[in-house]
Structures are given as C-alpha cells and as structure tokens.
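Reading through the structure tokens given below for one structure.
The values are calculated or read from the model by the stated rules, or taken from the named source; none is laboratory data. Just so we're clear, the structure is a prediction, and the values are computed from it rather than from any experiment. Cβ coordinates were reconstructed from backbone atoms using ideal geometry, including for glycine residues, and neighbour counts include every protein chain displayed.
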Amino acid sequence: MSMNNNVDSKLVQQVNTKLAMRGIRSPCSVSVACRGGEVTLTGTVTQAHQKMSAANITQGVNGVKRVINQLTVKAQARS
C-alpha cells in the first residue's frame, strides 16, 4: 500500500467516524471515498440539512483537501 493510499484510508475512517458521531450515517446511506485527500460523498440522506452537514463535517477533518458532495436527498418512506 502506498503512502497516499494509507493516508486516504485513514481519512475515510476519520470521516466515517465523524459522520456516525453526528448521526449522518444512519438511517442515511452514505459512502465515503478518498483519493489524494479529495473526499467524495455518495449515497442518500433523508433531509437537505444532512447533505450540507455531511460536507461541512468532512471538510473539517484534518487532511481533507476538497469535498465532492454527490449526496442526494430522499425522504424516508413512512410506515
């Protein structure tokens, strides 16, 4: 594993932890990928503010150079 891959792996772990701590990961379906410090968020969230929060949380992680927010807002089905 190259140095960049190792750094990117650690960034993904840190972002996932921060998102989980803020409740963004569940019931939302958010995937995090990183390459060269550029983090891409994909998947769905249930509210518009979660999309913005996820990007802000990610940007706040030390080492993240850029956030590409491809999250979509999809309301939860009511049972």
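The figures follow:
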read-out	value
Region 58-79: number of residues that are among the hydrophobic types (A, V, I, L, M, F, W, C) and buried (at least 18 other Cβ atoms within 10 Å of the Cβ)	3
Per-region count, region 25-56, residues closer than 15 Å to Asp8 by Cβ and among the small types (Gly, Ala, Ser)	4
Residues being in a loop (DSSP other than H, G, I, E, B) and of a type in the set (Ser, Thr, Tyr) - total across region 37-57	1
Residue that is farthest from Thr72 (Cα to Cα), among those in region 22-36 that are part of a strand (DSSP E or B) and either small (Gly, Ala, Ser) or without any contact (Cβ under 8 Å) to a residue 24 or more places away in the chain (or both)	Ala33
Any hit, region 3-21, residues being touching a Ser or Thr at 6+ places or on another chain (Cβ under 7 Å) and either part of a strand (DSSP E or B) or among the hydroxyl-bearing types (Ser, Thr, Tyr) (or both)	no
Criterion: crowded, with 16+ Cβ neighbours inside 10 Å, modelled with pLDDT of 95 or more and within 12 Å of the chain's Cα centre (by Cα) - qualifying residue of Ala33, Ala55	Ala55
All positions within region 58-79 that are under 16 Å from Val7 (Cα atoms) and within 10 Å of the chain's Cα centre (by Cα)	Thr58, Gln59, Val67
